[in-house]
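A quick write-up on the structure given underneath.
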Amino acid sequence: MVFPSLFIETLNSAQKVAVLTGAGISAESGIPTFREAQTGLWSKYRPEDLATPSAFRRDPKLVWEWYQWRRQLIHQSDPNAGHYAIAQLEGLVPSFTVITQNVDGFHQSAGSLNVIELHGNIMRTICFDSGHNVDRWEDNEIPPRCPICRSYLRPDVVWFGEGLPRTALENAIRETRECNVFFAIGTSAVVEPAASLPWIAKENGASLVEVNPSTTPVTPIADYVFHKPAGELLPELVHALKINSTE
Ligand code: BV8
């Protein structure tokens, strides 16, 4: 793929780059995105109706088993070329931050070092009442109970209606404000407050880049739009940058 020369020059001269990723970056790893219908057993549920505290209170077993199904899917899957390309980009830019809405940990598995998890991580488990991390538990009740206070355990992810981890959100907004180039990759840009980050970047003078086969609310305000799958486009971008840097 031939990239606009100004785009390559902008990236090569960028001191700070921030990347916002959504479920689309993990689509080529075989992880269904939120916008696609959940596959198989879960196709009759909407994620927004499962990923909430009230859904968990109403039916803790159902919600726990949904997360167990997703954890299994992630265990059986791997980061894809898009994750690895982002990890390589980190090495080509003086300051590089991945801000992810995903909870699968694939950016870290692919080698990205500076990752902000806005919505937590599905592999971590916490006590529903205290919020404390729980690494192991005895009983095989579903959901299992906290060994300390006996309330239910839950995945350490941010549900709809819950606040994001304050430090993660503050750091994400700071990096978004300060970056020269902001990528929105594989996100439908609907879920707040993450969805506002592209606008914050644009308002603070960043060049805004979107990588998504579909059109989203970001598309009309982006400076560069690549309607291609991330796993295809991003390795080509890394290749173009490396060639350019040797010229
Ligand atoms: C908050 C973790 C306030 C869990 C997630 C009413 C009541 C309460 C809140 C609200 C309300 N109305 C609005 C809100 C705010 C709400 C919200 O935004 N709702 C939406 C539905 C309108 N937000 C919240 O509730 C947030 N909290 O507001 O709290 C508050 C403040 C202080 C104190 C207390 C409360 C919390 C939001 C976080 C929810 N948790 N995930 C879990 O994973 O189970 S959200 C989850 O959905 C994801 O993390 C992600 O953020 C979102 C899905 O979006 P995407 O990642 O973009 O994925 P999607 O499938 O939509 O799109 C995929 C894209 O990829 C597509 O565009 C597709 O074209 C593209 N694609 C596909 N293949 C590829 C590709 N791109 C590139 N390459 C490919 N190969």
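The values are calculated or read from the model by the stated rules, or taken from the named source; none is laboratory data. Given the structure is predicted, the values throughout are model-derived calculations rather than measurements. Glycine also receives a Cβ, built like all others from the backbone with ideal geometry; neighbour counts cover every protein chain displayed. For accessibility, only protein heavy atoms count, side chains too; no ligands or nucleic acids. Shrake-Rupley method; radii C 1.70, N 1.55, O 1.52, S 1.80 Å.
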Is it fair to say residue 143 is over 15 Å from the mean Cα position of the chain (by Cα), buried (at least 20 other Cβ atoms within 10 Å of the Cβ) and in a loop (DSSP other than H, G, I, E, B)? yes
Has the stretch 158-167 got at least one residue that is without any contact (Cβ under 8 Å) to a residue 24 or more places away in the chain, assigned to a loop (DSSP other than H, G, I, E, B) and small (Gly, Ala, Ser)? yes
Whichever residue in the stretch 211-241 is in contact with a Phe, Trp or Tyr (Cβ under 7 Å, 6 or more places away or on another chain) and open to solvent by less than 10 Å² (accessible area, probe 1.4 Å) and, among such residues, is nearest to the ligand (Cβ to nearest atom): 211
Considering only strands (runs of 3 or more DSSP E) wholly within the stretch 22-129, the ones with at least 3 residues that are under 22 Å from residue 198 (Cα atoms) are 95-100, 115-117
Please go through the stretch 195-208 and pick out each residue that is surrounded by fewer than 23 Cβ atoms within 10 Å (Cβ to Cβ) and within 24 Å of residue 158 (Cβ to Cβ). 195, 196, 199, 200
Residue list for the stretch 24-74, filter: farther than 24 Å from residue 145 by Cβ, open to solvent by less than 60 Å² (accessible area, probe 1.4 Å) and hydroxyl-bearing (Ser, Thr, Tyr): 26, 29, 33
Inspect all residues belonging to the stretch 8-23 and state whether any of them is within 11 Å of the ligand (Cβ to nearest atom), open to solvent by 10 Å² or more (accessible area, probe 1.4 Å) and in contact (Cβ under 8 Å) with a residue 40 or more places away in the chain. yes
